[in-house]
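All remarks here apply to the structure that follows.
Nothing in this text is a laboratory measurement; each read-out follows from the coordinates by a stated rule. Keep in mind that what you see is a predicted model, and the values were worked out from it rather than measured. FYI the Cβ positions are ideal-geometry reconstructions off the backbone, even for glycines, and counts take in every protein chain you see.
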Amino acid sequence: MNLKAVDKKEKNQVEIIIEVDSEEFESAVGKAFIKNKGRIAVPGFRKGKASRKIIERMYGASVFHPDALDLLLPDVLDYARKESGQKIVGFPQVTDVDIKEDSGGADITVTVSVYPEVKIGEYKGIKAPKPDAEVPESSVDEEISSVRIRNARIEKVDRPAMNGDVTVIDYEGFIEGVPFEGGKGGGYELELGSKTFISGFEEKVVGMAIGEERDIDLVFPDEYTEELAGKAVVFKVKLHEVKEKILPELDDEFAKDVSEFDTLVDYKNYIREKLRKARQEEVDAAFENSLMNVVIETVEADIPEVMIEEQMDYAASNFARQVSAYGMEPAQYLQMMGMTPESFRESIRKSSEKQVMTTLALEKIAEIEGIVPNAEDIEQEYNEAAERYGIELDKLKESVDESRVILDLKTRRAAKIVAEHAIPEKPSESSEEKPGKTAAKPRKPAAKKASAENPESGSQGAEAEDAVAPVKKARKPAAKEAKGAES
């Protein structure tokens, strides 16, 4: 093969012509003949027995050319990537094929998108709001309280249901007197106050006596599934059991039961430090994100559409993995959210554009700063990732290309440079987040709508009995080594 021409077009498009010599082309035609001879009918011959010359005489000399080109293309495209000197993004498109009848070779023209030229403004000395990472004592108390609740004993009681109790109920929903699909459950365990059913349901179960039946009139929220949103519903509910949570005493024995620590004081110190680290990471990440919002405003780049599409593909794949982790099919989840694959992709376009712009900005900063990870850095990154995800090192290296690791190292270091030279400002009272609280996944009814970019904000899907019932999450047992505090 030979690189014949590289012609830059507009909008980061480059046309590359690769010359395939007669020997290479003839070899591909021969392979195409072997591949197809058994499927070509020639009068007087059994299939597969006619020679290449006879087939070409009957069907034309070019009969095997399309398959020959298909066989050649992977090598042609790989050659174009390596020899053109262009940083190609996306998959090249074949735009012309000129077969040389006289020489027996071919000129193959491919059009590719290439990385854009990037210009960037000042990225040092940027100002952005950054709250402090203090953790109030109330956050420590809340964390320990949640651990106590998870380790509570559950005992049946013979009294009306109260907030915080675990109830066992039968329920069935009716709209205009007609039961609707997914609105029925039997022997369902519902914790009152957990906010896993739609608003108002749990509150109206409070006060019910064992064996009592009650009609609960509600209206589905506007952000619910399309077929139910905003509609009045009557749930017929029967209460079978009431179970009370008996919290463990808050003492040294409790600390020993739920952690590796022998005293409550040591356990509280551990919780405090854990929350402080989590809060610091949260603050640092938010600060870095604010800085990058400023930086990308200074970037000038004509971004090829294929780069945005590839980022959208990555985001969609990541979304599908998250949904699948909850035991749901992505297509089923999108349908429940009232979305199509097309509308979902459109919903992630803006964030994908921002991510591409951010990556380009950080790559440019890495170039300006001369950031070049060495072999030791790359190996350490592989080792840490293998340990973090519990994957064998060799298998990780097979699945994650080294160029991706290098890009991650370069952009992380570039982001660190931006943050190290930035000027943190105190957030305004209206925008400052409440310190000491780490992000938590909201618990919502299974059928509430979710952000397309954050499937966890709505249905958490895996074990929902139906469209109305909440997702049952497995309770974590008390364990040593501070496991009670990690969830």
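Specify whether the C-alpha gyration tensor of the stretch 181-309 places it in the rounded, prolate or oblate class, a ≥ b ≥ c being the square roots of the eigenvalues: rounded for a/c under 1.5, otherwise prolate if a/b is larger than b/c and oblate if not.
oblate
Counting only C-alpha contacts under 8 Å and six or more residues apart, can you give the relative contact order of the stretch 284-359 as a whole percent?
It rounds to 43 percent for the stretch 284-359.
Cα-Cα over 19 Å: which of Lys156/Lys236; Lys82/Lys397; Lys4/Lys31; Lys184/Lys238?
Violating the 19 Å Cα-Cα cut-off are Lys156/Lys236; Lys82/Lys397; Lys4/Lys31.
Based only on Cα atoms, what mean projected area does the convex hull of the stretch 254-402 have, in nm²?
The orientation-averaged projected area of the Cα hull of the stretch 254-402 comes to 14.2 nm².
Could you tell me how far the Cα centroid of the stretch 1-73 sits from the Cα centroid of the stretch 160-186, in Å?
67 Å
Between the stretch 295-319 and the stretch 228-277, what is the C-alpha centre distance in whole Å?
What the calculation gives is 42 Å, centre to centre.
Quick one: compute the contact order of the stretch 90-131, relative version, from alpha carbon pairs under 8 angstrom and 6+ residues apart, as a percent.
33 percent
Quick one: pull the percentage of alpha-carbon pairs in the stretch 317-388 with a separation above 15 Å.
That tail contains 72 percent of the Cα-Cα pairs.
For the chain, I need the span (max minus min coordinate) of the C-alpha atoms along each principal axis, in Å, sorted largest to smallest.
So the extents along the principal axes, rounded to whole Å, are 97, 65, 42.
Mean separation of Cα pairs under 8 Å and 6+ residues apart, divided by the residue count of the chain: what relative contact order is that in percent?
The normalised contact order for the chain reaches 19 percent.
For each of Val157, Val306, count neighbouring Cβ atoms within 10 Å of the residue's Cβ, then give the residues from fewest to most.
The most exposed by this proxy come first: Val157, Val306.
Taking a ≥ b ≥ c as the square roots of the eigenvalues of the Cα gyration tensor of the stretch 153-246, is the shape rounded (a/c under 1.5), prolate (a/b larger than b/c) or oblate?
Prolate, since a/c reaches 1.5 and a/b exceeds b/c.
Under 12 Å between alpha carbons, and skipping anything fewer than 8 positions from Lys256 in its own chain: which aspartates and glutamates qualify?
Asp266, Glu481
Can you tell me how the stretch 2-114 classifies by the Cα gyration tensor, rounded, prolate or oblate, using a/c under 1.5 as the rounded cut?
Prolate, since a/c reaches 1.5 and a/b exceeds b/c.
Nearest 500 deg cm²/dmol is fine: what mean residue ellipticity at 222 nm does the chain get from its DSSP H runs of n ≥ 4 alone, each adding -39,500 (n - 2.57), divided by its residue count?
After summing the helix terms and dividing by the residues of the chain, the value is -13500 deg cm²/dmol.
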